[in-house]
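S.K.: Right, I'll just put the structure down here and ask away after.
The values are calculated or read from the model by the stated rules, or taken from the named source; none is laboratory data. Note that the structure is a prediction, hence the values are computed from the model and not measured. Every residue, glycine as well, gets a Cβ built from its backbone with ideal geometry; the counts of neighbours run over all protein chains shown.
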């Protein structure tokens, strides 16, 4: 089952040969040529900016007309925040004075945004809570959506970097390596309670 353009293509390619065939002396078959040959195809070729070889081929002109002249550039940066290695956590604890009992932390003031470059690591908490360890030795508690579980983020998370380079509440979504996507609902600074 052939379409009409496919069947008519060979005929269309032969039209320039049939209509204006001349020999080297400038004479057409059986009649003398007194001036330049004026054919609609020659006028169309002169009017267009295309080279004359593509003007003779109507299929090439059809293909050239169907090319889209549009360029779209997109940029997307995804940042991975991984859990701190065990040795790094031990080094942080080694600098703290040794006590008989483990330190206790309470949630302090709310945080609206945190710089992504300032996050050193992440650890899962209970329920839907993650703990971010910052490079300036602060700890931030991150509450995710109620439907999310912190244990899905045991190997860290991915976040798409915005223009400001910050992780913000009610704007950014964290993606686990297993594919779970959760929005950040609240962030609070964790403060050590001293007795």
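S.K.: For residue 177, indicate whether it is touching a strand residue (DSSP E or B) at 6+ places or on another chain (Cβ under 9 Å), in a strand (DSSP E or B) and within 19 Å of residue 127 (Cα to Cα).
M.R.: When the stated conditions are applied, residue 177 does not pass them.
S.K.: Name the single residue, out of those in region 97-113 being surrounded by 10 or more Cβ atoms within 10 Å (Cβ to Cβ) and farther than 19 Å from residue 173 by Cβ, that is modelled with the lowest pLDDT.
M.R.: 103
S.K.: Which one is surrounded by the fewest Cβ atoms within 10 Å (Cβ to Cβ), of the residues in region 114-156 that are touching a residue at least 60 places away in the same chain (Cβ under 8 Å) and in contact with a strand residue (DSSP E or B) (Cβ under 7 Å, 6 or more places away or on another chain)? Spell out how you get there, then give the answer.
M.R.: Narrowing region 114-156 to residues touching a residue at least 60 places away in the same chain (Cβ under 8 Å): 114, 154-156.
Next cut, in contact with a strand residue (DSSP E or B) (Cβ under 7 Å, 6 or more places away or on another chain) only: 114, 154, 156.
Numbers: 114: 21, 154: 15, 156: 18.
Ranking the qualifying residues of region 114-156, first place goes to 154.
S.K.: Please go through region 157-188 and pick out each residue that is exposed (fewer than 14 other Cβ atoms within 10 Å of the Cβ) and in contact (Cβ under 8 Å) with a residue 60 or more places away in the chain.
M.R.: 160
S.K.: Give 159, 142 a once-over and let me know the one that is in a strand (DSSP E or B) and under 28 Å from residue 74 (Cα atoms).
M.R.: 159
S.K.: Confirm whether residue 126 is part of a loop (DSSP other than H, G, I, E, B) and within 23 Å of the chain's Cα centre (by Cα).
M.R.: So residue 126 fails the test.
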